[in-house]
Amino acid sequence: MSRTKLGTREQIEVWLRAGGRCEYRGCNQPLWKDSLTLTAMNAAYLAHIIADKPTGPRGDPVLSEKLKADLSNIMLLCDVHHRLVDIEDVEGHPVERLREYRKEHEQRIERQTAIHPNRPTHIVLFGTRIGDRAGLVNYEQACEAVLPERYPADECGIRLDLAGNEVSESDPEFWSQTAKYVERHLQRYLAAGVGPTGKRLNHLSIFALAPIPVLIHFGRQLGDVLAADVYQYHRATSDWRWKPLDNQDFDYVVRRPRPDDRLTSRIAVNLSLSGRIHPGEIEKAVGQALPTYVMTIAHPRRDFLCAAEQLELFRNEWYKLVAEIRDAHGPDCEIHLFPAVPCSVAVEMGRALLPKTDPHFVVYDNDKQRGGFDRCLDL
């Protein structure tokens, strides 16, 4: 038990830095009320990391006396975790671990409270079945991803959840059913201009896991009238946070058909980003060889997209490519689209399309069980 009494000013500073919440990693329990009855009360312990006496938990012959009133040696804990670190499992909670818990908690509180109040965003969560798996989008992870640049406008978000749907891509009705569901549910909010809690839609943060053609359609329904940020799920870290761009020379490469092929009104677009799509796959799916535009990167792979700058660069290049195709082949041309792209890229592809002016797109989906690419959606 601590024998050191902190002054009122020091106690307030500890409380403020912790945001009034338990600083044990993963707890975050509010300590100004009883969590069951919601009765206002002080449920906090001002706990020493290095005990204020040498015989206490993590005590030290020199540092205990030196740091007994040092606020960097004090952390705010709930009753459960105070008992855990000081009584039940002292050895499992060395000094450096507790300092790390305190530091990461207080940095998070600092980031969240530093957000300007006019930066709300409506979080949009969209998930369907992908093969035999459910595309589940975690709301808590989405909230973490938008901070500290923005903060959630409400506590629920706009949810389009088809992850539990038993109909999969192998069923012919999957594509039309999913497309209608997306149109119906999105337009309910977009037409009214307000979110589920009645707050005006000014900015969207989009988190989506679904088959690529569905995501393109989803993005097209969203459009680009409302400002939006699109996020990518990163398998390596199991989160949605954008990472720093570690390759400053990153770029997209566009290969065009021969000039004499630019007179045809039926062409193909091969987006080989997450993997390579071979010309024979396109010819097999369409039934003939078509003049083909190819957008790719130096080394196509599933995890290439880690930075927001890469997504923004794609959006700009995609805009230019669609405009180039329209100019070369006419506004009534038919584009057979073969995408091997990350989910966020698919959403941005759809958002960039202009329904009244852009050509007709035929979107294909690759399914090894069906023997390759199949036509699935017309946009």
Those aspartates and glutamates that a straight Cα-Cα span of less than 12 Å connects to Lys103, excepting residues fewer than 8 apart in one chain: Glu23
Prolate/oblate/rounded label for the stretch 1-93 (Cα gyration tensor, a/c 1.5): oblate
Members of Lys66/Lys243; Lys180/Lys243; Lys243/Lys320 lying beyond 30 Å, as alpha-carbon distances in this model show: Lys66/Lys243; Lys180/Lys243
Of all DSSP beta bridges in the chain, antiparallel share, percent nearest 5: 35 percent
Per-residue ³J(HN,Hα) for the stretch 72-83, Karplus 6.51 cos²θ - 1.76 cosθ + 1.60, θ = phi - 60°, Hz, x for Gly and Pro: 5, 9, 10, 10, 8, 9, 7, 4, 4, 7, 5, 5
Stokes-Einstein diffusion coefficient of the stretch 1-47, Kirkwood radius over Cα pairs, 4 °C, 1.567 mPa s, in µm²/s: 112 µm²/s
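Using only DSSP helix segments of four residues or longer, with each worth -39500 (n - 2.57), what per-residue ellipticity at 222 nm results for the chain after dividing by its residue count and rounding to 500?
-9500 deg cm²/dmol
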Most fluctuating residue given options Thr121, Thr178, Thr264, as computed from a GNM of the chain linking Cα atoms under 10 Å: Thr264
Fraction of accessible area attributable to carbon and sulfur, the chain (%, probe 1.4 Å): 50 percent
Å² per residue, accessible surface of the stretch 1-142 at 1.4 Å: 59 Å²
The chain: angle of helix 212-222 to the longest principal axis, Cα-based, in degrees nearest 10: 80 degrees
Mean projected area (nm²) of the alpha-carbon convex hull when the stretch 266-379 is viewed from all directions: 7.0 nm²
Selected from Pro148, Pro355, Pro61 as most flexible by GNM, with the chain as the system and alpha-carbon contacts under 10 Å: Pro61
Cα gyration tensor shape of the chain, rounded if a/c is under 1.5, else prolate or oblate by comparing a/b with b/c: prolate
Full-stretch length increase - Arg301, Leu36 - with 0.36 nm per residue and alpha-carbon distance subtracted: 90.5 nm
Percentage relative contact order, the chain, counting C-alpha pairs under 8 Å, at least six apart: 13 percent
Two-site label geometry, Lys199 and Leu263: point separation in nm, points 7 Å out along Cα→Cβ: 5.8 nm
Heavy atoms of Thr237: accessible area, 1.4 Å probe, square angstrom to 10: 70 Å²
Accessible area of Ser35 in the full protein assembly, 1.4 Å probe (Å², nearest 10): 80 Å²
Folded to 0 to 90 degrees: helix 343-352 orientation relative to the chain principal axis, Cα: 60 degrees
Rough spin-label spacing in nm, given labels placed 7 Å along Cα→Cβ, for Arg83 and Lys103: 3.0 nm
Beta bridges per DSSP with both ends in the stretch 205-320, % antiparallel, nearest 5: 35 percent
Reachable lysines from Lys284, criterion Cα separation under 19 angstrom, eight or more residues apart if same chain: Lys368
Degrees between helix 308-329 axis and first principal axis of the chain (Cα, 0 to 90, nearest 10): 10 degrees
Cβ-derived FRET efficiency at R0 41 Å, Asp327 paired with Gln112, nearest 0.05: 0.30
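The values are calculated or read from the model by the stated rules, or taken from the named source; none is laboratory data. None of these values were measured; they are calculated from a predicted model. Every residue, glycine among them, receives a Cβ derived from its backbone with ideal geometry; neighbour counts consider all protein chains shown. Heavy atoms of the whole protein, side chains included, go into the accessibility calculation; ligands, DNA and RNA do not. Shrake-Rupley method; radii C 1.70, N 1.55, O 1.52, S 1.80 Å.
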